Amino acid sequence: MSNILGEDYWTLRYQHNSIGWDVGEVTKPIKQYLDQIDNNWLKILVPGAGNGYEAHYALKKGFLNTNILDISSYPLQNFQLTHNGFPKNQIHHIDFFDHSDQYDLIIEQTFFCALQPEFRPKYVKKMNELLKPGGKLVGLLFNRQFDKAGPPFGGELKEYQKLFENDFNILKMEECYNSITPRQGQELFFILQKKSKV
């Protein structure tokens, strides 16, 4: 299984400003989720972080143990220039599947849909590995198919439920009521919790 969507591909997308997934700020569903968490000691990861709006917002809210990861150094370097107070050791330039650490919360924001569909079982397995016992994977998934070849790659509710149900308790997976206008009715908001080993 080869990943043709590697570092060079994503760096070119950033360099040519071909970043339609980038809405220029933290999305409202992620913002509202972070707003209701009162434990600022959580260790957080934002994979495929790009320009890092979610991480910036989390840090601003007092989540000092927020980490970002991207396969391309290009957006990470830009992030460092504009957020020079962000700890360098919490910025990870690495392929997600090669990363190793443990987190309480992982935020999914247009990372899943950037991966070729054949990588989805591997994504589930890796998320499970990266989460501490009882840790949560929270974010958004597209609830639609796309006419053009991806990325982004789409999907739908039943497919996602089947994909995640063996490794995670699906606490919530439903149509997102506060998506940005262009994605209204096309996203699912989800909260998954890593299952305890019996």
Next on the checklist: Give me the percent relative contact order of region 102-198, please, defined on Cα pairs under 8 angstrom at least 6 residues apart.
Outcome noted: 32 percent
Checklist entry - Taking 1 over the mean of 1/r across every pair of different Cα atoms in region 1-113, what Kirkwood radius in Å do you get? => result 14.4 Å
Checklist entry - Exposure proxy check: D101, D167, D147 ranked by fewest other beta carbons within 10 Å? => result D147, D101, D167
Item to check | Taking R144, R13 and counting other C-beta atoms within 10 Å, the order from fewest to most | outcome: R144, R13
Checklist entry - Which value at 222 nm does the chain reach when only helices count, each DSSP H run of 4 or more adding -39,500 (n - 2.57), with the total divided by all residues and rounded to the nearest 500 deg cm²/dmol? => result -7500 deg cm²/dmol
Checklist entry - For region 158-173, what does the Karplus curve 6.51 cos²θ - 1.76 cosθ + 1.60, with θ = phi - 60°, yield as ³J(HN,Hα) per residue in whole Hz, taken in order and with x for Gly and Pro? => result 5, 4, 5, 4, 5, 5, 9, 5, 6, 9, 9, 7, 8, 6, 7, 7
Checklist entry - What does the charge dipole of region 69-131 about its Cα centre add up to, to the nearest 20 debye, if the Cβ of each Lys and Arg holds +1 and the Cβ of each Asp and Glu holds -1? => result 60 debye
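With loop defined by DSSP as not H, G, I, E or B, and exposure as at most 16 other Cβ atoms within 10 Å, which is the longest segment of the chain clear of exposed GluC sites (Glu not before Pro)?
26-155
My understanding is that a pair violates if its Cα-Cα distance is over 22 Å; which of K31/K122; K126/K197; K43/K195; K136/K172; K61/K125; K60/K125 do that in this structure?
In this structure, K31/K122; K61/K125; K60/K125 exceed 22 Å between Cα atoms.
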Checklist entry - Using θ = phi - 60° and the Karplus form 6.51 cos²θ - 1.76 cosθ + 1.60, what ³J(HN,Hα) does each residue of region 23-29 get, whole Hz, x for Gly and Pro? => result 9, x, 6, 5, 6, 4, x
Item to check | Span from the region 85-103 Cα centroid across to the region 136-188 one, whole angstrom | outcome: 25 Å
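With charges set only on the Cβ (+1 for Lys and Arg, -1 for Asp and Glu), what does the dipole of the chain come to about its Cα centre, in debye to the nearest 20?
I would put it at about 380 debye.
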Item to check | Rg over Rh, two decimals, region 128-198 (C-alpha only, Kirkwood Rh) | outcome: 1.02
Next on the checklist: Under the rule of at least 5 residues apart or a separate chain, name every residue whose amide H is placed under 5 Å from the amide H of Y103.
Outcome noted: L131, K132
Item to check | Percent RCO, i.e. relative contact order, over the chain, from Cα pairs under 8 Å lying at least 6 residues apart | outcome: 18 percent
Checklist entry - For the chain, what is the Kirkwood estimate of the hydrodynamic radius, computed as the reciprocal of the mean inverse distance between distinct Cα atoms, to one decimal in Å? => result 17.1 Å
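No lab work stands behind these numbers, since they all come straight from the coordinates. None of the values given here were measured: they were computed from a predicted structure. All Cβ positions, glycine included, derive from the backbone under ideal geometry; neighbour counts span all protein chains shown.
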